[in-house]
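To keep things clear, I will list the structure first and then write my remarks on it.
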């Protein structure tokens with residue numbers, strides 16, 4: 001990956017496209033966790049790619065390309081989120097359910113989206129994207145202890161919701 005980043009920094013568009021392709025799943029998961037909307041996530045990713053291409057020369061260490069890219073994505077996602085909040089009234093507009101890989105995927109996505117965003121994002125970056133606590137702290141501009149607290153609280157929320165779901169299903173079976 002370092003070689004591709006060096007080429008991209010020299011203006012090689014093909015190398016940059018390869019880097020984006022390698023990171024597209026990670027970008028989608030992070031944007032979707034923040035924005036919850038397919039369209040908004042796509043907008044955030046598109047804006048991120050543009051900003052990253054325009055500023056690739058500012059990247060100091062090639063090995064931190066993914067961290068740098070995700071940081072840009074988080075900033076773009078937050079910008080879009082704030083923009084959407086100012087445009088939408090207090091009425092919640094229901095979003096159509098998206099069926100990706102069947103019922104279980106949809107059920108899991110709905111469950112995961114019910115967790116507070118600040119915990120959901122940290123859980124996603126830690127467990128799904130496998131970032132280290134230190135890297136998450138840098139990405140979200142938090143202290144490492146704050147990231148650890150959010151991980152702990154996020155785990156607690158997941159456990160609480162799983163226990164509640166288990167009780168409801170158990171009652172439904174009886």
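Structure values in brief
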read-out: Selection status of residue 49, over 18 Å from residue 137 (Cα atoms) and either surrounded by fewer than 21 Cβ atoms within 10 Å (Cβ to Cβ) or not assigned by TED's automatic domain parsing to the domain that holds residue 123 (or both); value: yes
read-out: Residue within the range 87-94 that is assigned to a helix (DSSP H, G or I) and modelled with pLDDT under 90 present; value: yes
read-out: Odd one out for residue 37, checked against (1) at pLDDT below 90; (2) loosely packed, with under 14 Cβ neighbours inside 10 Å; value: (2)
read-out: Residues (assigned to a helix (DSSP H, G or I), touching a residue at least 24 places away in the same chain (Cβ under 8 Å) and touching a helix residue (DSSP H, G or I) at 6+ places or on another chain (Cβ under 7 Å)) located in the range 27-41; value: 27, 29, 30, 31, 33, 34, 35, 40, 41
read-out: Test: residue 21 is surrounded by fewer than 19 Cβ atoms within 10 Å (Cβ to Cβ), assigned by TED's automatic domain parsing to the domain that holds residue 68 and touching a residue at least 12 places away in the same chain (Cβ under 8 Å); value: no
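The values are calculated or read from the model by the stated rules, or taken from the named source; none is laboratory data. Only a predicted model underlies this, so the values are computations on that prediction, with no experimental measurement involved. Every residue, glycine among them, receives a Cβ derived from its backbone with ideal geometry; neighbour counts consider all protein chains shown.
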